[in-house]
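Colleague: Dropping a structure here in structure tokens format, bear with me for questions.
The values are calculated or read from the model by the stated rules, or taken from the named source; none is laboratory data. This one's a predicted model, so the numbers in the text were calculated from it and none came from an experiment. Ideal geometry is used to build each Cβ from the backbone, glycine not excepted, and the neighbour counts take in all protein chains shown. Accessible surface is based on the protein model in full, side chains and every heavy atom, while ligands, DNA and RNA are left aside. Shrake-Rupley method; radii C 1.70, N 1.55, O 1.52, S 1.80 Å.
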Amino acid sequence: MGLDLSGKQYRKVPYEEKEALLEEVKEDLRFGDYMYGCYDCGICVAACPSARFYDFSPRKIAQSVAREDVDLFYVFLNDSVWDCSQCFSCDRCPRQNSPGGLITLMREVAVKHGLASAQEALEGYGRVVYKIMSTGTQVSPDMLQANAFPDWGPHVKDIAENLDVWRKALPPETLHTTEASWKVDEKTLIELYLIWHATGVMDMIKEVDEGLFMILQDVMEERLEDAGYDVTFD
Amino acid sequence: MIPHQAIMNKAKDRKFERNPDLAPNADYHDLVDQLEKDGEWEVQRVPEPYIEVQTKFGRKKKIPLQTTWHHKSCGQCGHIPGYSTSVFWINRQLGLDYHDPTDQTSCTAWNYYASATSNAAAQSAVAMRNFAAADESGYFPIIHCGTSFGHYKETRQQLIHSEKLRHQVRDVLKMMGKKLVMPEEVVHYSEWIHAVRDKIAERQVIDMSKIRATIHPACHYHKLVGEDAIFAPEIYGGQRTAIITATLIALGIDVKDYSTWFDCCGFGFRHILVSRDFSRSFAVQRKIEVMKEEADPDILITHDTGCVTTLDQSQFAAKAHDRNVGLPVMSDSQLAALAMGAHPYKVLQLHWHSTDMKPFLQKIGIDTDKAWAEFEEAVAKLRSGEKQYLTWEDCDE
Ligand code: SF4
Ligand code: SF4
């Protein structure tokens, strides 16, 4: 079934609430550089990988924002933005827009307000957020498990079974890790946690995944305390 | 009468030349330098000797030869470790000084483009913390991941144009005793490979002249802040980025074109982790099958974490559906190292890849059974405790 653009599915959401979210997207410091208006030419769609496999159109999203069609914007904010591949092929826009960048901003607003659609889109993604925020590297070697990547082939099982020794068989000393992609200094991790704290990222996590927030809070607060920082994420 | 011959002769001499003065936007070099003059940040200069290359609008970009700080990639180090190992191996073979830091975090952009659980200030602060760490070490950053490279260029634009963001990030860094330092250039490792391709070719020991290859240029390399990607008049007439292609040509490889060259690989950031049906379908139907049908290559070479991952790992499941797949995939760093005689398993670590490399390796004269036995022998020593780790010296035995 295609995307329902009528907005009927969100008629119970007050118009003012939808409008406030659009305003928030427009207030982001990057907005002026991502959206100059829209010719409705569809060049972005021609380049877009997601448009080939989903009922998805960067042109329609750009139009909804440029025309300030609040109801349509809200449909895309919930039902479309997570289909984007964030490849930025659409940066070839003749109006100098970045529809992909606009979509990043929309996603951020969706996460910040804990929209149900954002929570659903990020289901199953928590372990990745945990990994990057707590270890400073994203896809660690120990994530390569046959049950997690059954479609990648039998080598994944071989890697999982030989993981420790195959990591030791890597000549760069920084790569002898299994839980992080490379060895990150303790001091460096503390600095990363201070960044998450100072920029409000943990507040965003709290909105979309309370459980993940609590686990991260535990790990980070303890380490920060050990390093002599009196920092809490509440 | 129309002077056909005169026109044709003139066309032969025609060469596409770019005029940087006609570029549609301001040169980031000038903006970065101006902010240094204004006392807004320091600029870490590209160490000498450097190699100059041309970018999209005909501007010059400096690529450091050595004294490089290797900003590693999560996906490369975690899942395709021969990718970064090959970059280091080439540096060592060329006798160049480099630093592989532990005071480095991910750029965190893979997660950002996948989940949006971050914001402009956090992303810029992560970037500038890493840049400050590089500056403190006295080595110049060279970025292994295409997404980190693209994202850092985006971050640079945002920091240039927003005083508010700059000051916010400056204050965050101050808290940890760090300065705001912008590198003079944001350099991708494949640009370094491109810049030293002749040195690599001079040390080539494996003949690759019988090899047909297709390439996939990474979206975040040449589309995201695309003005800062390498272009060369002699490659695709200067109409597409020269990255990878120029390197392969220097190695004597026949680079074949195909009609979906500009298309993305299907990685999708969140898709590759939680919606892989999309990634698989796109990679197979829009890239691999098109290449196989139109170019019939021996190998596919790309230059980014996500591209190697998607194009390599997506082919296995497609075999079950009788799709036209079975094309080995590796990075330009792995291929360049291989050409220089690197071990396919100790250095290139090809056992971490999904696609079958053997037909390609055998075509260039490598005894794959022997090479695998050598790797297994080295691993046996690690298992028995005779050795703790495989060393660089072991790689060249
Ligand atoms: S960034 Fe998103 S909207 Fe733009 S081309 Fe890529 S998938 Fe399409
Ligand atoms: S390419 Fe640009 S101007 Fe054309 S439809 Fe897309 S966003 Fe609008």
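Colleague: Would you check if there is a residue in region A:110-121 being facing another protein chain (nearest Cβ under 7 Å) and at positive phi?
Modeller: The answer is no; no qualifying residue exists.
Colleague: Let me ask you something else. Can you say whether B:Thr68 is more than 10 Å from chain A (Cβ to nearest Cβ) and closer than 26 Å to B:Asp394 by Cβ, as far as the supplied structure shows?
Modeller: For B:Thr68, the condition - more than 10 Å from chain A (Cβ to nearest Cβ) and closer than 26 Å to B:Asp394 by Cβ - is met.
Colleague: Looking at region A:183-223 only, could you name the residues that are over 17 Å from B:Ser115 (Cβ atoms), more than 9 Å from chain B (Cβ to nearest Cβ) and in contact with a helix residue (DSSP H, G or I) (Cβ under 6 Å, 6 or more places away or on another chain)?
Modeller: Once the filter is applied, which keeps residues that are over 17 Å from B:Ser115 (Cβ atoms), more than 9 Å from chain B (Cβ to nearest Cβ) and in contact with a helix residue (DSSP H, G or I) (Cβ under 6 Å, 6 or more places away or on another chain), region A:183-223 yields A:Tyr193, A:Val219, A:Met220.
Colleague: Quick check on A:Cys84: is it more than 21 Å from the chain's Cα centre (by Cα) and either within 14 Å of ligand 2 (Cβ to nearest atom) or without any contact (Cβ under 8 Å) to a residue 40 or more places away in the chain (or both)?
Modeller: Spelling it out, it is not the case that A:Cys84 is more than 21 Å from the chain's Cα centre (by Cα) and either within 14 Å of ligand 2 (Cβ to nearest atom) or without any contact (Cβ under 8 Å) to a residue 40 or more places away in the chain (or both).
Colleague: Another question, if that's okay. Hey, can you tell me all the residues within region B:128-162 that are closer than 21 Å to B:Gly39 by Cβ and facing chain A (nearest Cβ under 10 Å)?
Modeller: Those that are closer than 21 Å to B:Gly39 by Cβ and facing chain A (nearest Cβ under 10 Å): B:Met128, B:Arg129, B:Ala132, B:Gln157, B:Gln158, B:His161, B:Ser162.
Colleague: If we scan region A:30-44, do we find a residue that is away from ligand 2 (no atom under 16 Å from the Cβ) and either within 13 Å of chain B (Cβ to nearest Cβ) or surrounded by fewer than 21 Cβ atoms within 10 Å (Cβ to Cβ) (or both)?
Modeller: No, because not a single residue in region A:30-44 is away from ligand 2 (no atom under 16 Å from the Cβ) and either within 13 Å of chain B (Cβ to nearest Cβ) or surrounded by fewer than 21 Cβ atoms within 10 Å (Cβ to Cβ) (or both).
Colleague: Select from region B:283-301 the residues that are in a helix (DSSP H, G or I) and either farther than 30 Å from B:Gln362 by Cβ or in contact with a strand residue (DSSP E or B) (Cβ under 8 Å, 6 or more places away or on another chain) (or both) and list them in ascending order.
Modeller: Answer for region B:283-301, where residues must be in a helix (DSSP H, G or I) and either farther than 30 Å from B:Gln362 by Cβ or in contact with a strand residue (DSSP E or B) (Cβ under 8 Å, 6 or more places away or on another chain) (or both): B:Lys287, B:Ile288, B:Met291.
Colleague: So, one more: How about region B:78-123: which of its residues are open to solvent by less than 10 Å² (accessible area, probe 1.4 Å), more than 9 Å from every other protein chain (Cβ to nearest Cβ) and in a helix (DSSP H, G or I)?
Modeller: Scanning region B:78-123 gives B:Tyr83, B:Ser86, B:Val87, B:Ile90, B:Asn91, B:Ala109.
Colleague: Check B:Val325 against each of (1) within 23 Å of B:Leu248 (Cα to Cα); (2) open to solvent by less than 10 Å² (accessible area, probe 1.4 Å) and name the one condition it does not meet.
Modeller: Result: B:Val325 fails condition (2) only.
Colleague: Would you point out which residue out of B:Val290, B:Val329, B:Val379, B:Val347 is at pLDDT 95 or above, in the same structural domain as B:Leu273 (by TED's automatic domain parsing) and farther than 20 Å from B:Ala218 by Cβ?
Modeller: B:Val347
Colleague: Say whether the condition of being crowded, with 24+ Cβ neighbours inside 10 Å, away from ligand 2 (no atom under 16 Å from the Cβ) and assigned to a loop (DSSP other than H, G, I, E, B) is met by at least one residue in region A:113-131.
Modeller: yes
Colleague: Anything in region B:169-196 that is part of a helix (DSSP H, G or I) and crowded, with 20+ Cβ neighbours inside 10 Å? List them, or say none.
Modeller: Scanning region B:169-196 gives B:Val169, B:Val172, B:Leu173, B:Tyr189, B:Ser190, B:Glu191, B:Trp192, B:Ile193, B:His194, B:Ala195.
Colleague: Taking region A:53-84 as the search range and keeping residues that are in contact with a Cys (Cβ under 6 Å, 6 or more places away or on another chain) and either open to solvent by 10 Å² or more (accessible area, probe 1.4 Å) or part of a loop (DSSP other than H, G, I, E, B) (or both), which one is nearest to ligand 1 (Cβ to nearest atom)?
Modeller: Per the criteria, the residue is A:Arg59.
Colleague: Within region B:257-273, can you find the residues that are touching a residue at least 12 places away in the same chain (Cβ under 8 Å) and either not in a loop (DSSP other than H, G, I, E, B) or not assigned by TED's automatic domain parsing to the domain that holds B:Ile215 (or both)?
Modeller: B:Ile272, B:Leu273, listed by residue number.
Colleague: Another one. Can you pull out the residues in region A:7-25 that are open to solvent by less than 70 Å² (accessible area, probe 1.4 Å) and either in contact (Cβ under 8 Å) with a residue 24 or more places away in the chain or hydrophobic (A, V, I, L, M, F, W, C) (or both)?
Modeller: Across region A:7-25, the qualifying residues are A:Gly7, A:Tyr10, A:Val13, A:Lys18, A:Ala20, A:Leu21, A:Leu22, A:Glu24, A:Val25.
Colleague: When you scan region B:217-256, how many residues do you find that are under 25 Å from B:Ser148 (Cβ atoms) and in a loop (DSSP other than H, G, I, E, B)?
Modeller: 14
Colleague: Moving to a separate point now. Quick check on my filter: what residues within region A:134-182 are touching a residue at least 40 places away in the same chain (Cβ under 8 Å), part of a helix (DSSP H, G or I) and either within 8 Å of chain B (Cβ to nearest Cβ) or open to solvent by 10 Å² or more (accessible area, probe 1.4 Å) (or both)?
Modeller: Selection gives A:Thr135, A:Pro141.
Colleague: Where residues in region B:343-371 are outside any loop (DSSP other than H, G, I, E, B) and crowded, with 22+ Cβ neighbours inside 10 Å, which of them is nearest to the other protein chains (Cβ to nearest Cβ)?
Modeller: Going through the qualifying residues, I end up with B:Trp352.
Colleague: Under 18 Å from B:Cys74 (Cβ atoms) and touching a His at 6+ places or on another chain (Cβ under 7 Å): which single residue out of A:Leu175, A:Leu170, A:Leu192 fits that description?
Modeller: It is A:Leu170.
Colleague: Hey, another quick one. I'd like the residue in region B:262-285 that is crowded, with 18+ Cβ neighbours inside 10 Å and under 14 Å from B:Thr302 (Cβ atoms) and, out of all such residues, is nearest to the other protein chains (Cβ to nearest Cβ).
Modeller: For region B:262-285, the residue satisfying everything is B:Cys264.
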